[in-house]
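The values are calculated or read from the model by the stated rules, or taken from the named source; none is laboratory data. Computed from a prediction, not measured in an experiment: that's the story for all the values here. No Cβ is skipped: glycine too gets one built from the backbone with ideal geometry, and neighbour counts run over all protein chains shown. Side chains included, ligands, DNA and RNA excluded: accessible areas come from the protein's heavy atoms. Shrake-Rupley method; radii C 1.70, N 1.55, O 1.52, S 1.80 Å.
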Amino acid sequence: MCVISGALTGCSGASSTTPIPVSEAAAQPRNAPVVAVLGDSFTVGSGPVRTWDSYAAKVARQFDWQLIVAGASGTGFVNPGRVGRNFHESFVQELAWRPAPDMLIVSGGHNDRRTHPLTVYRAAAKLLRAVRIHWPGTRVVVVGPIWIGGAPRWAYPVRDAISLASKQSRVTFLDPLARRWITPRTTGILLPDGVHPTHQGHVRLARWLALSLQARGITAGR
């Protein structure tokens, strides 16, 4: 009986359970910036890469952000993908009901193929206008279409449309198409589909995004 009751309450007044040590960092409350990232499969993850291993999550760990990930694979500023919602609709359904974050990163355009650049521009401008009205104090950064391999010709007018909408909305625009991701020495950064990044590819994306934000003095939201 002592063995049984001791396992539950202890035969003596002292507990036999070894307490789990709490690190100093965990014990101290931290006011980490809240950053929301709205995007497509590059952001939410694809194939073997889960959301918590995407480039967005890696940057969040580096800068000590509280991260909120929204959006879905196949979506864009215009394209609703299989989930049936574009970026604006994902913003309304997944983010707008939350308290305003310190920063919002909108990353996409890759899936807005076969869409006239003017239509993409209008959709991007609509989203950014809605964000500014709903979260006037939130800093906004827009990341254009991501192509690790060679980008198709249509990607550049789409990129330019998103860039123009960002400029007119006075938000920071970052351009992945301006970077050469694959060189003769580059290996192992693309999945077999030739489009989506591997874990190592997400590491490279995270490094680029972190350096791009740091270069503009953006690491902690506002």
### Task
With θ set to phi - 60°, apply the Karplus curve 6.51 cos²θ - 1.76 cosθ + 1.60 along region 143-151 and write out the HN-Hα couplings as whole Hz, x wherever there is a Gly or Pro.
10, x, x, 9, 9, 6, x, x, 6
### Query
For THR75, which sequence-distant residues (separation of 5 or more, or a different chain) have an amide H within less than 5 Å of its own amide H, given hydrogens modelled in the peptide plane?
SER41
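Please report the carbon-and-sulfur percent of the accessible area for region 78-222; probe 1.4 Å, protein heavy atoms only, DNA, RNA and ligands left out. Could you put the intermediate results ahead of the total?
On the way: 3860 of 7450 Å².
About 52 percent, which is the carbon plus sulfur part of the accessible surface.
Taking a 1.4 Å probe, which of TYR121, TYR55 shows the most accessible area, and what order do the others take after it? Working shown, then result.
Details: TYR121 55, TYR55 5 Å².
Highest to lowest solvent-accessible surface, that is TYR121, TYR55.
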### Task
Let me know the shape class of region 124-170, please: from the alpha-carbon gyration tensor, a ≥ b ≥ c as square roots of the eigenvalues, rounded when a/c is under 1.5, otherwise prolate if a/b is greater than b/c, or oblate.
prolate
### Task
For THR198, enumerate residues with amide H under 5 Å from its amide H, sequence gap 5+ or separate chain, H modeled in the peptide plane.
LEU190, LEU191
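Tally Lys/Arg at +1 and Asp/Glu at -1 over every other residue whose Cβ is under 11 Å from the Cβ of HIS199; what's the total? The partial results should precede the final answer.
On the way: positive: ARG50, LYS58, ARG204; negative: ASP53.
Value of the local net charge: +2.
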### Message
Once R0 is set to 41 Å, what does the formula 1/(1 + (r/R0)^6) return for the Cβ-Cβ distance between ASN31 and ARG113, expressed as a FRET efficiency to the nearest 0.05?
### Response
0.50
### Query
Can you work out ³J(HN,Hα) from phi for every residue in region 96-108, in order, using Karplus 6.51 cos²θ - 1.76 cosθ + 1.60 and θ = phi - 60°, giving whole Hz and x for Gly and Pro?
4, 7, 7, x, 4, x, 5, 8, 10, 10, 9, 10, x
### Query
For region 80-92, what does the Karplus curve 6.51 cos²θ - 1.76 cosθ + 1.60, with θ = phi - 60°, yield as ³J(HN,Hα) per residue in whole Hz, taken in order and with x for Gly and Pro?
x, x, 6, 7, x, 8, 8, 4, 4, 5, 5, 4, 5
### Task
Please list the non-local residues whose amide H lies under 5 Å from the amide H of VAL142, H modeled 1.01 Å from N, same-chain partners needing a gap of 5 or more.
VAL106, THR172, PHE173, LEU174
### Query
So what's region 21-173 giving for Cα Rg divided by 2.2 N^0.38 Å, two decimals?
1.07
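Largest first, what is the accessible-area ranking of TRP154, TRP181 with a 1.4 Å probe? Working shown, then result.
Details: TRP154 75, TRP181 5 Å².
Per-residue accessible area, sorted high to low, gives TRP154, TRP181.
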### Task
Can you tell me how much longer the chain between ARG61 and ARG122 gets when fully stretched, taken as 0.36 nm per residue apart minus their C-alpha distance, in nm with one decimal?
18.6 nm
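Have a look at the DSSP beta bridges in region 81-213 and tell me what percent are antiparallel, nearest 5. Before the final figure, lay out the partial values.
On the way: 1 of 9 bridges.
Around 10 percent antiparallel, to the nearest 5.
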